[in-house]
Protein chains: 2
Amino acid sequence: MKIIVIGANAAGAKAASKAKRMNPSAEITVVDRGSFISYGACGIPYYIGNMVHDEKELMKTPVGVVRTPEFFQKVKGVRVLTNTEATEIDRKTKKVAIRDKAGETSFLDYDKLVLTTGSSPVRPCLDGCGLPGVFTVKSIEEAVRLKESAQSGKKACVIGAGLIGLEVVEALAEQGLQVTVVELFGQILPGLLDPEMAALLEQHIRSKGVVTRSACCVSSIKGNGRVEKVVTDNGEFEADLVVLAVGAKPNVELAKAAGLAIGETGAILVDDHMRTSDPDIFAAGDCCETVNLVTGKKIYAPMGSSANKQGRVVGINAAGGDTTFAGVLGTAIVKVFDFSAGKTGLTETAARAAGYDVETLLSPAPDKAHFYSTSKPIALKMVADKTTGRLLGLQAVGAGAVDKRLDAAATALTFRATVDQIAQLDLAYAPPYSAAMDNLIVAADIMKNKLSGEAKGISPREVKAKLDNGDDFVFLDVRSPAEYETVRIPGAKLVPLGALREKMEGLPRDKEIIAFCKISLRGYEAQKILESGGFKNVRFMDGGILTWPYELEK
Amino acid sequence: MKIIVIGANAAGAKAASKAKRMNPSAEITVVDRGSFISYGACGIPYYIGNMVHDEKELMKTPVGVVRTPEFFQKVKGVRVLTNTEATEIDRKTKKVAIRDKAGETSFLDYDKLVLTTGSSPVRPCLDGCGLPGVFTVKSIEEAVRLKESAQSGKKACVIGAGLIGLEVVEALAEQGLQVTVVELFGQILPGLLDPEMAALLEQHIRSKGVVTRSACCVSSIKGNGRVEKVVTDNGEFEADLVVLAVGAKPNVELAKAAGLAIGETGAILVDDHMRTSDPDIFAAGDCCETVNLVTGKKIYAPMGSSANKQGRVVGINAAGGDTTFAGVLGTAIVKVFDFSAGKTGLTETAARAAGYDVETLLSPAPDKAHFYSTSKPIALKMVADKTTGRLLGLQAVGAGAVDKRLDAAATALTFRATVDQIAQLDLAYAPPYSAAMDNLIVAADIMKNKLSGEAKGISPREVKAKLDNGDDFVFLDVRSPAEYETVRIPGAKLVPLGALREKMEGLPRDKEIIAFCKISLRGYEAQKILESGGFKNVRFMDGGILTWPYELEK
């Protein structure tokens, strides 16, 4: 049995190794047009930031062995041909045409073929994109050149504030460059975070001296023989180097030319066995589309983590086994300076677009027991389906342990958990790890209170619109005078919660009252106290002052 | 409507606050025999270790307000009577007799009663337990005295190597005391970890200069007017102070005297509404038993996290609502020096005792991308049901992020996930958070390979027994010569994996071969290579050298 794998990176390397273990008598050949195989492309930003000193580190196994063709041959029993491009698939004769470094073409027979052709960075059609000093983030070769250019004191402009763009922002800033990041959409991490969560991360990025520009359209990159500046509809930015990080597109040319079906997302169409429209050809990783487990819709979500899982699935199936890949939740996370930000499932925006009747909340809190010295704040945004009480998504931003709340939420989403079920998860508690009520459980409890109508919240965005609109309502800060002295929201009136029962008679009964505190708990208590005093129109502002993404007085 | 809550700590404070929010017209009284309310008892080890300087920190809300009776009255609308002991419940007349500080008895009427009487540290019947210098870890008052006694240079003996015992070991050692910890069972953290996982933690604790003694029975505590030494069947240990941490027992006297049913675990029997055998009396927290969600059996598992969740449930039900508490997974975690250790669900020991046909594995790996500078090793032990492929439990030990793998596993256990489902979880991946294949997913993949018969593992314990027994087998180290030079297991033969295909003819075909490497992946590859070469009797040792808890040559 002959199996050919086209592409020797995450999914391809995994597929080949797994197929060989499944079927030791199979003859497995991997062809790759590059000279590096099985490298950790996700590690490139850390190589640029010099946390990883030598690019070979990215190609090592966890025990320090560099993954070379010799390594694959000796250890995995898999033949790898590097610097070899697959140029054509003849599905009738089941042959792949390959061209080696010298330009010689030859043919390989296959019984089963695996396409792991990956993705390429999108190169926008901009004047000046080809100038020296303009880079994308994908290949080791380009990363080496980018790292050489990234000298302290230089100016860099990163185009695109997505996951990779922001990782590169951190890497370059940590190397001492002056960094500007411009984003076409109206916020950083569009698609990944709702605006108010993105604003929390953007504040942090700016606090590190990085210039951020959202809703900013690049019109050209200019320079005389080498990049000098980026021209946008919102100013020009001097730049000694430019990084294009505006997304990835699947490498589907080979599949398309062979007549394989391409999905509505533009990536290779596969079924739940990762089989293409040809039963003898499989695909995995960044070149193919997958299913969003929350919506059941096809999505293109290239991720190294999915590529590895899919590689295993196609390895088994190509070798004659029978297994499936369920789909993804669109989980993603990024570290930018001291903050982590990520999501799993649907954002509010995506959930509304998908037609759900949603309830949301913001819940900021320390990530560990508040008295534990290394505890750090994180803010959660939870999105649930009003009709069923089912969790639809979680976003998390902050200096604390964002990843573990996302992982628990991703697991809950996989099993279509309701917020009732999440509120009772028996998570690992001790003061160095969480409060007695973990952030995720607190959020689920608030969501339960909201869904039952007991808690009446309003988002900071809606409050801001009311303020900007000049609406007549009481914006009630129920924190302590000391907290008020330190920082406050313009336009809010202070009545500390402890005094509210006594002072409520001074509040107008005919106006809406919106209460808030630092996080939202005392704001919610204020709602309940005022309601017990007969007030009919009281809400609390989600997340309190900690997730207020607008102006503050200090 | 009158609600009385007996006990003002985690569950009681939560129940009272929640009941008041649910039913603002209810008159709620909390009585507590102590003078501190709603304190974070779990924080006491961190107070002793001086991470928390002032005991009042433990009684503060996350925004820094001390929870006093005045705070509860003003903010929560709940009356709290401290230094007041509930001495009797008269269920016929629905009255609780209370005795105040001055010794005066009075009576409170109730419509609904909530018992949150908590637990007390077990005080073993030992000579000398009452000597000055012998402490338990529960009350603030005793913690203050313990902290005063814990002066650098003194000798401390901690009796009991459970969660609290080990937290106190760290606290005292960090304060500069010479610490010995003695444990009756044959390992530290009995019940929480299987022996080989406990051994990994014990090695770390010893590396910090702490003396550990397992299978060590204390016969008496001796001293002349003050503690001087602990006498055991395995030596005497000088001690300027002794901490008893041999477990907690539920405070059920009041419930028992009132004729309420006590469960088989010795704690108050409750139904899924946390209702006792009297429909007007609820119980929550450390005084009552609950259900193990994996086995469906009743267990006594006092935890601050469960107490808070149960407090919410009884608050709602006592106020006239209708909600349930599902049960627990026995999840627990502890930080000891630079290591974290914990479990969720069943250990192998517990799973076998419960009658499951189990498969297990050990999987050590870095907790982040191996090239990421702050990545640290963790070891997972996964336990699954052979029949159904269902996850039964996860243990995790190491310097890295143990808690997040436990939380994801706990969530998966809640939904009775199979290892197939766990292997495809879409967890949050970027190099600062995990490898592309998260540790939990790698473990699930190995488990799948084991359950399918593709991977044939043997535990380090079984290998050790074979070595000790003088069994005739080939113990094959397939690491590199450089790794072998650094550290090796006595009795193993080196054949690096890369050379195995060439050198396999030198290996005996009539003997069992047990291969291993650093973690287990190359050991597994060796199994597959040898099998493809016709060898019939090959296994790999789970977890490799990293989870070998016995002697190593360096």
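Multiply the residue separation of B:ALA215 and B:GLN73 by 0.36 nm, subtract the distance between their alpha-carbon atoms, and state the gained length in nm to one decimal. Mind showing how you got there, number by number?
Numbers: separation 142, 0.36 × 142 = 51.12 nm, distance 4.99 nm.
Here the segment from B:ALA215 to B:GLN73 would lengthen by 46.1 nm.
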Residue (of A:ALA248, A:THR61, A:THR232) at the positive-pole extreme of chain A, dipole from beta-carbon charges: A:THR61
Within 10 Å of each Cβ in B:398-408, the average number of Cβ atoms from other chains: 6
Per-bin percent of Cα-Cα distances, region B:338-452 [5 Å]: 2, 13, 24, 26, 19, 10, 4, 1, 0
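If you take the Cα atoms of region B:461-554, find Rg, then find the Kirkwood Rh from the mean of 1/r over all pairs, what is Rg/Rh?
That ratio equals 0.93.
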Please report, for B:VAL66, the nm distances (one decimal) from its label point, 7 Å out from Cα along the beta-carbon direction, to the equivalent points in the remaining copies, shortest first. 6.4
At R0 = 30 Å, how high is the FRET efficiency between B:ASP127 and A:SER373 if r is their beta carbon distance? Nearest 0.05 is fine. 0.15
Do me a favour and compute the ellipsoid semi-axes for chain A from its Cα gyration tensor, root of five times each eigenvalue, largest one first, whole Å. 48, 28, 20
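For a quick protection proxy, order the peptides A:197-204, A:434-441 by their average other-Cβ count within 10 Å, most packed first. Mind dumping the intermediate values first?
Details: A:197-204: 22.9, A:434-441: 25.9.
Listed from highest to lowest mean packing, they are A:434-441, A:197-204.
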Which whole-Hz ³J(HN,Hα) couplings does region A:308-325 yield from phi under the Karplus relation 6.51 cos²θ - 1.76 cosθ + 1.60, θ = phi - 60°, glycine and proline marked x? 5, 5, 5, x, 4, 5, 6, x, 5, 5, 5, 7, x, x, 8, 8, 10, 10
Region A:490-501 - phi-based ³J(HN,Hα) in whole Hz, Karplus 6.51/-1.76/1.60, Gly and Pro as x: x, x, 8, 10, 8, 9, x, 4, x, 9, 5, 4
Here the percent of antiparallel bridges among DSSP beta bridges lying wholly in region B:134-246, to the nearest 5, is 35 percent
Work out the mean other chain Cβ neighbour count within 10 Å for the residues of A:415-425 and drop it here as an integer. 5
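Round to the nearest 0.05 the FRET efficiency obtained for A:GLU502 and B:ARG416 when R0 = 51 Å and r is the Cβ-Cβ distance. Intermediate results must be reported in sequence, preceding the final value.
On the way: r = 51 Å, r/R0 = 1.01.
Taking R0 as 51 Å, the efficiency between A:GLU502 and B:ARG416 is 0.50.
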Distant-in-sequence amide H partners of B:VAL243 (H built 1.01 Å from N, under 5 Å): B:PHE135, B:CYS157, B:VAL158, B:ILE159
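Could you calculate, for the protein assembly as shown, the ratio of the Cα radius of gyration to the Kirkwood radius, expressed as Rg to Rh?
Details: Rg = 31.0 Å, Rh = 31.5 Å.
We get a ratio of 0.99 for the protein assembly as shown.
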Cβ charges +1 (Lys, Arg) and -1 (Asp, Glu), total dipole of chain A, debye: 860 debye
Label zone at A:ASP510 (point 7 Å along Cα-to-Cβ), backbone N below 18 Å, region A:456-473: A:471-473
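For chain B, give me the percentage of DSSP beta bridges that are antiparallel, rounded to the nearest 5 percent.
On the way: 55 of 101 bridges.
Given both bridge residues lie in chain B, the antiparallel proportion sits at roughly 55 percent.
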Say the dipole of region A:122-240 comes from +1 at the beta carbon of Lys and Arg and -1 at that of Asp and Glu; which of A:GLY128, A:CYS157, A:VAL179 then lies farthest toward its positive end? A:GLY128
Every other copy gets compared here: list the nm distances from the A:SER219 label point (7 Å along Cα to Cβ) to its counterparts, shortest first, one decimal. 9.3
Could you sort out which of A:LYS101/A:LYS256; B:LYS368/B:LYS456; B:LYS208/B:LYS464; A:LYS208/A:LYS448; A:LYS381/B:LYS249; B:LYS112/B:LYS343 sit more than 29 Å apart by Cα distance in this structure? A:LYS208/A:LYS448; A:LYS381/B:LYS249; B:LYS112/B:LYS343
Which FRET efficiency value, to the nearest 0.05, is calculated for A:LYS297 and B:ASN83 with the Förster distance at 56 angstrom and r the Cβ-Cβ distance? 0.35
Averaged over residues of B:365-371, the number of beta carbons from other chains lying within 10 Å of each residue's Cβ is 5
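Take every DSSP beta bridge with both residues inside the protein assembly as shown and express the antiparallel ones as a percent of the total, to the nearest 5.
Details: 111 of 203 bridges.
Around 55 percent of the beta bridges assigned by DSSP in the protein assembly as shown are antiparallel ones.
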If you place +1 on the Cβ of every Lys and Arg, -1 on the Cβ of every Asp and Glu, and leave all else neutral, what size is the dipole of region B:471-532 about its Cα centre, to the nearest 20 Debye? 200 debye
Sequence-distant residues sharing a close amide H with A:LEU392 (under 5 Å, placed H): A:VAL383, A:ALA384, A:ASP385
Contour minus Cα-Cα distance for A:ALA465 and A:GLU27 (0.36 nm per residue): 151.2 nm
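Report the relative contact order of chain B, percent, no decimals, based on alpha-carbon pairs under 8 angstrom and at least 6 residues apart. Don't jump to the answer; show the numbers that get you there.
Numbers: 1285 pairs, mean separation 62.1, N = 554.
This gives 11 percent for chain B.
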When each copy gets a label point 7 Å from Cα toward the beta-carbon at A:SER207, what are the spacings between them in nm, shortest first? 3.4
Name all residues of region A:212-229 having a backbone nitrogen under 14 Å from the label point set 7 Å from the Cα of A:GLU238 along its Cα→Cβ direction, giving them as ranges. A:228-229
Treat every Asp and Glu Cβ in region A:134-246 as -1 and every Lys and Arg Cβ as +1, leave all other atoms uncharged, and give the resulting dipole magnitude about the Cα centre to the nearest 20 debye. 300 debye
For the charge dipole of region B:338-452, defined by +1 on Lys and Arg C-beta atoms and -1 on Asp and Glu C-beta atoms about the Cα centroid, which residue among B:ALA428, B:ALA351, B:ALA384 has the Cα displaced farthest towards the positive pole? B:ALA351
Once phi for every residue in region A:208-218 is put through the Karplus expression 6.51 cos²θ - 1.76 cosθ + 1.60 (θ = phi - 60°), the whole-Hz ³J(HN,Hα) values, with Gly and Pro written as x, are 9, x, 7, 8, 10, 9, 9, 6, 10, 9, 7
Built amide H within the under 5 Å cut-off of A:LEU81, gap 5+: A:VAL30, A:VAL31, A:ASP32
Please give, to one decimal in nm, the separation of the simple spin-label points placed at A:SER35 and A:LEU494, each 7 Å out from Cα toward the Cβ. 6.7 nm
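Read-outs throughout are calculated quantities, based only on the coordinates presented, and are distinct from any laboratory measurement. This is a predicted model, so every value here is computed, not measured. Counting neighbours? That spans all protein chains shown, and the Cβs are built from the backbone with ideal geometry, glycine included.
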